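Before any comments, here is the structure.
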Amino acid sequence: MKSFCFALAGFLLAVTPVSAAELNAASGGWPQWRGPHRDGLSAETGLNTDWETKKPELIWMADGMGKGYASVSIADGVIYTSGNFDDGQAIVAASAENGSVLWRTSLTEAPPKHGYDGSRTTPTLDGDRLYVVTSDGQIACLLRSGGQVVWKRNFKEDWNGKMMSGWGFSESPLIDGDWVLCTPGGKNAMIVALNKMTGEEVWKTAMPEYEKETGKNGGAINDGAGYASIVVSEGAGVKQYVTLVGRGLIGVRAENGQLLWRYKEVSNGTANIPTPIVSGDYIFASSGYKTGSALVHLVATDDGVDAEEVYFIDGAELQNHHGGMVLVGEHVYLGNGHGKGFPTCVELATGKIVWGGKLRGPGDGSAAVAYYDKHLIFRYQNGEVGLIEATPKQYLLKGSFKPEHVEGPSWAHPVVAGGRLYLREQDKLMCYDLQP
């Protein structure tokens with residue numbers, strides 16, 4: 001494994017996709033997938049960080065979210081999510097006070113059929129609108145106030161889009177300025193930028209012709225969209241959109257969608273899922289299914305940007321199946337192993353596993369990870385939720401609890417906003433108190 005140390009400039013914050021007023025809402029904002037900056041980090045402090053002494057208490061549990069694995073977004077006292085109902089896949093708005101449903105809008109005529117039926121998208125909030133991607137491949141813009149559909153596009157019909165495998169489109173769209181970014185997949189439109197007000201195409205990313213390729217698990221990789229969501233990088237002085245797709249980790253020029261670089265090694269022929277981590281000129285990515293993890297360095301070239309491998313770690317040592325990763329200071333925290341969720345701390349600069357690796361946490365299965373107040377929330381596939389101190393010094397479990405309702409698999413990412421912990425479990429949404 002190649003490795004070297006570099007001076008960390010701190011993790012790069014993506015362009016904020018909501019107004020400052022929303023982000024500073026007194027109720028606590030979580031306006032999109034993985035929070036304000038798509039990094040799984042909550043800025044809230046002064047909360048309960050000792051679950052051994054005081055476990056989070058249930059404030060309310062509400063029905064009506066539908067079937068699915070989507071997380072939630074929150075602004076101005078309203079919670080937004082997506083789910084399957086008898087009449088189709090819908091977007092749901094609910095009160096943060098008690099979880100009561102305020103409105104529901106179906107975007108498909110029937111629930112989409114694919115492996116692990118249910119919604120995936122977490123709504124992205126922007127001003128008075130929200131943006132979603134249905135699991136059958138539609139991107140839609142709705143009004144936040146009442147759920148009216150403003151516009152809708154179809155990945156397959158409009159761009160001949162495709163997924164790398166048959167578990168449904170899973171991304172949460174990115175708002176950047178006047179555009180909404182999404183990943184239809186395919187040779188002609190791997191990523192597209194649309195006018196967020198009208199849905200009109202601004203540009204699309206064409207992929208080169210590749211010879212037959214196989215991933216680290218031996219399966220054939222293809223031009224389908226992956227299961228990750230797009231993040232923003234200013235690496236090598238060039239604004240670009242970065243994501244993990246069927247062909248691997250890619251970066252495209254934000255100005256026109258030109259493919260700048262591709263890193264194949266962190267890809268497989270089944271599913272590439274975790275959203276990459278951006279840190280200055282560096283990108284950290286990981287994928288399960290025996291694939292592995294990698295850090296690449298973005299460097300300027302005469303005609304754009306290249307991604308140079310800093311290190312690659314084989315999947316037998318480090319792989320994140322799904323559940324995501326967070327960067328805190330100079331260390332990445334994640335659930336390691338395919339379907340294992342072993343709590344693990346990795347030094348970003350070198351790829352060295354500082355602690356964990358094969359350490360069994362309080363739960364079983366893959367773990368969805370979020371951060372608040374120097375601590376990590378690990379939500380396991382079997383429902384157990386643990387609190388781990390975010391420190392490279394040692395693994396320190398600060399308590400765990402089993403939520404009131406577990407239907408499983410518990411894959412929806414936890415959300416911390418307004419001093420509360422939100423856990424989506426299929427049709428139910430649970431709200432827990434994190435106040436000390």
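The values are calculated or read from the model by the stated rules, or taken from the named source; none is laboratory data. The structure presented is a predicted model; accordingly, all values stated were derived computationally and were not measured. Quick reminder, even Gly has a Cβ in these numbers, built from the backbone with ideal geometry, and neighbours come from all protein chains shown.
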The stretch 200-244 - residue that is of a type in the set (S, T, N, Q) and not in a loop (DSSP other than H, G, I, E, B) and, of those, nearest to the chain's Cα centre (by Cα): THR243
Residue among GLY251, GLY237, GLY226 that is under 21 Å from ASP39 (Cα atoms) and either free of Cβ contacts under 8 Å to residues at least 60 places away in the same chain or in contact with a His (Cβ under 9 Å, 6 or more places away or on another chain) (or both): GLY251
Matching residues, the stretch 236-255, being surrounded by fewer than 24 Cβ atoms within 10 Å (Cβ to Cβ) and among the basic types (Lys, Arg): LYS239, ARG253
Pair list, Cβ < 7 Å and 6+ apart or interchain, from the stretch 409-433 residues that are more than 15 Å from ARG120 (Cα to Cα) and crowded, with 23+ Cβ neighbours inside 10 Å to residues that are at pLDDT below 95 and not aliphatic (A, V, I, L, M): ALA417/GLY28; ALA417/GLY29
Number of the condition not met by LEU298 [criteria: (1) buried (at least 21 other Cβ atoms within 10 Å of the Cβ); (2) out of contact with any helix residue (DSSP H, G or I) (no Cβ under 8 Å at 6 or more places or on another chain); (3) not β-branched (Val, Ile, Thr)]: (2)
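Yes/no matrix, rows are residues, columns are (1) over 23 Å from ILE277 (Cα atoms); (2) touching a Leu at 6+ places or on another chain (Cβ under 7 Å):
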residue: LYS374; (1), (2): no, no
residue: GLY383; (1), (2): yes, no
residue: GLY399; (1), (2): yes, yes
residue: HIS405; (1), (2): yes, no
Residue list for the stretch 329-380, restricted to those being of a type in the set (Asp, Glu) and under 24 Å from ASP50 (Cβ atoms): ASP364, ASP373
Strands (runs of 3 or more DSSP E) within the stretch 367-421 that include 2 or more residues of a type in the set (Phe, Trp, Tyr): 367-372, 375-380
Selection status of SER170, under 30 Å from ARG247 (Cα atoms), small (Gly, Ala, Ser), part of a loop (DSSP other than H, G, I, E, B) and within 19 Å of the chain's Cα centre (by Cα): yes
Hits in the stretch 245-282 - residues which are within 15 Å of SER293 (Cα to Cα), part of a strand (DSSP E or B) and among the hydrophobic types (A, V, I, L, M, F, W, C): VAL245, LEU249, ILE250, ILE277, VAL278
